[in-house]
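Inspection log for the structure reproduced underneath, given as structure tokens.
The values are calculated or read from the model by the stated rules, or taken from the named source; none is laboratory data. What you see is a predicted model; the values in this text were computed from it and never measured. Note that we place each Cβ from the backbone using ideal geometry, even for glycine, and neighbour counts take in every protein chain shown.
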Amino acid sequence: MKMISLLIILQIAVFTGFAQNHKPVDLRIAAPVNLATDTQQYNGYTMRLMRGMHAPQRMGSYSFNILKDNSPVAHEVRNPLLFSPREIQKKEDAYKIAQWMIDEYERTGHWRNIMPPHVARELKIETH
């Protein structure tokens, strides 16, 4: 009886070990960022993309720096999408957000680090 119980426990342990996933279900692999090609100019500012790699939940996302005359004015903007569980998932979305931030700075004189949801919808930025 002890031998049968031991075999059942061993079989359960083996099946449990093989049932585990090594990668999260919704893991997105972001395209690599090349500083030579993933930099854009807009109204005298330089937008430079970076990959979000500082924490496991940031893998597959993008962040960016905004520079003026090679000095940072907005440093490592990570998730400006208000109440969004996901961060910036596409390079195009990162550029749209950076351009919006520059336009808001030129209009108001203040750097905004949070984008309202209605602006994200207008710019067709993925938030979910």
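Taking the stretch 58-84, which residues are assigned to a strand (DSSP E or B), of a type in the set (Phe, Trp, Tyr) and farther than 14 Å from Gln41 by Cα? Correct list: Tyr62 only.
When restricted to residues that are surrounded by 10 or more Cβ atoms within 10 Å (Cβ to Cβ) and either within 13 Å of the chain's Cα centre (by Cα) or modelled with pLDDT under 75 (or both), the stretch 28-55 contains 10.
Number of residues in the stretch 85-111 that are assigned to a loop (DSSP other than H, G, I, E, B) and farther than 13 Å from Ser61 by Cα equals 3. The set of residues from the stretch 71-85 being in contact with a strand residue (DSSP E or B) (Cβ under 9 Å, 6 or more places away or on another chain) and loosely packed, with under 15 Cβ neighbours inside 10 Å comprises Pro72, His75, Glu76, Leu82. In the stretch 86-111, the residue that is modelled with the lowest pLDDT out of those that are surrounded by fewer than 16 Cβ atoms within 10 Å (Cβ to Cβ) and over 15 Å from Tyr42 (Cβ atoms) is Arg86.
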